[in-house]
1. Say we look at the range 15-53 and pick out the residues that are outside any loop (DSSP other than H, G, I, E, B) and of a type in the set (Lys, Arg); which of these is surrounded by the fewest Cβ atoms within 10 Å (Cβ to Cβ)?
2. Looking at the range 11-35, which of the residues that are touching a helix residue (DSSP H, G or I) at 6+ places or on another chain (Cβ under 9 Å) and of a type in the set (A, V, I, L, M) is farthest from residue 47 (Cα to Cα)?
3. What single numbered condition from (1) in contact (Cβ under 8 Å) with a residue 24 or more places away in the chain; (2) on the phi > 0 side of the Ramachandran plot; (3) of a type outside the set (D, E, K, R) fails to hold for residue 33?
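We did not get these values from a lab; they are worked out from the coordinates using the rules stated. As the structure is a prediction and not an experimental result, all values here were calculated from the model. Every residue, glycine among them, receives a Cβ derived from its backbone with ideal geometry; neighbour counts consider all protein chains shown.
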Amino acid sequence: MITLTDGLDIIDMLNPIKYNRIGETTTRFGFTSQALKEVMINTGYGTDVAVYSEQYNMDTGGTSWGIAPTQLIAHLVSSIKELKQRIEILEGA
């Protein structure tokens, strides 16, 4: 186990989006799997992470993408801790 110390870097690189699935009218919020993959690669985690999935779809002949949002919780907690430390320094605590 290794304590995360780059949570804020990860979260800062994410681009939240609002979207509708094809054929649906319900508005959804999230991130694209492709963008999340790029963030993981650019921050040194590589492609062997459980936060997104990329699988060949035999039915369509294309790629199916997915996200495991709970995998981002650790980065969110790390971000909050980093920001708390910065605030304490600024406030002189």
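1. The extreme case among them is 18.
2. Only one residue tops the list, namely 17.
3. Of the numbered conditions (1) in contact (Cβ under 8 Å) with a residue 24 or more places away in the chain; (2) on the phi > 0 side of the Ramachandran plot; (3) of a type outside the set (D, E, K, R), the odd one out for residue 33 is (2).
Listed here are the residues, each with its yes/no results for (1) more than 10 Å from the chain's Cα centre (by Cα); (2) of a type in the set (Gly, Ala, Ser).
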{"position": "1", "(1), (2)": "yes, no"}
{"position": "28", "(1), (2)": "yes, no"}
{"position": "35", "(1), (2)": "no, yes"}
{"position": "61", "(1), (2)": "yes, yes"}
{"position": "70", "(1), (2)": "no, no"}
{"position": "77", "(1), (2)": "yes, no"}
{"position": "84", "(1), (2)": "yes, no"}
